[in-house]
Structure formats: C-alpha cells, structure tokens
Ligand SMILES: [Zn+2]
C-alpha cells in the first residue's frame with residue numbers, strides 16, 4: 001500500500017484483503033480494484049513449493065499464512081511480475097524462488113539471509129536443532145549473514 005494505484009496490474013490474494021486494517025489502506029485498495037486490480041486464490045501446488053523453500057531458508061517460522069499466499073501468487077506470475085513487500089522473510093524467500101522483489105518503503109535486501117541457531121547457555125552456534133548438544137540449553141534462531149542494502 002502507498003504505491004501508485006496506476007501500477008500496471010495489481011494482483012493480491014484474499015487473505016491480504018482480509019488483513020487490511022487501516023481505513024486508508026482499505027480505501028486505496030478499493031480504488032486500485034476499480035482500476036482493474038485482481039484478487040486471486042493462490043494455487044495449492046505453488047503454496048507447497050513456497051513452504052518447501054521457506055523451510056530450506058529457515059524463514060518458515062517468520063511467515064504468516066498471508067505471506068505464504070502472496071509468495072505463491074507471485075511465484076505463479078514470476079516471469080512478468082514484481083512482488084512489493086517490506087517484509088524481510090518474504091523478500092528472502094522470494095529471492096530464493098527467483099521472484100523479482102521491490103520494497104514499498106524500505107530498501108531491498110541484496111544478500112540472502114541464512115539463519116543459524118545459537119545456544120542461550122554456552123553461546124555455541126549450530127546449523128539446526130532445538131537443544132544444545134554440548135550443554136543442553138535451548139538454541140535460539142539468529143541471522144548468520146549480514147543484511148546488505150542497495
Ligand atoms: Zn550450549
């Protein structure tokens with residue numbers, strides 16, 4: 001939202017429409033819809049592919065059902081569309097899926113973020129797992145690669 005409503009063609013998913021909270025955002029969307037914006041259900045097999053990639057990048061915990069629906073829809077149109085999002089996890093998974101991403105407000109991330117786990121007890125780092133194999137404390141997710149802005 002906040003993007004020009006004369007954007008070539010705006011496509012979104014039903015869960016986004018349900019999430020529009022502010023009356024301004026909702027009004028902008030109504031105008032966009034009169035301008036030819038479409039609301040489409042995502043394809044189930046596209047949803048499956050998004051979930052599988054999000055698990056690989058370990059972004060799955062950060063994604064809402066709406067995020068996954070949007071990614072699935074963007075994947076369907078990936079050859080000639082741009083996904084507008086300011087959500088880092090959504091951007092990250094989109095880049096992995098080969099979807100062109102543009103931020104609405106923030107700057108775009110250039111690097112793929114890779115997550116790792118760090119022990120809350122001994123601070124040792126691991127690729128995965130929930131419990132530290134050394135001291136038995138819980139492992140917490142953290143960013144492994146630094147975010148680079150363009
Ligand atoms: Zn530990």
>> Could you list, ordered by first residue, the pairs with Cβ atoms under 8 Å in which the first is in region 121-132 and in the same structural domain as residue 57 (by TED's automatic domain parsing) and assigned to a loop (DSSP other than H, G, I, E, B) and the second is more than 7 Å from the ligand (Cβ to nearest atom) and at pLDDT 90 or above, at least 6 apart or interchain?
In response: none
>> Exactly one condition in (1) within 16 Å of the ligand (Cβ to nearest atom); (2) touching a strand residue (DSSP E or B) at 6+ places or on another chain (Cβ under 9 Å) is false for residue 122; which is it?
In response: (2)
>> Looking at region 36-86 only, could you name the residues that are in contact (Cβ under 8 Å) with a residue 40 or more places away in the chain and over 13 Å from the mean Cα position of the chain (by Cα)?
In response: 49, 56, 77, 81
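The values are calculated or read from the model by the stated rules, or taken from the named source; none is laboratory data. Everything quoted here is computed from the prediction, not taken from an experiment. When we count neighbours, we look across all protein chains shown, and the Cβ atoms used for this are built from the backbone with ideal geometry, even at glycine.
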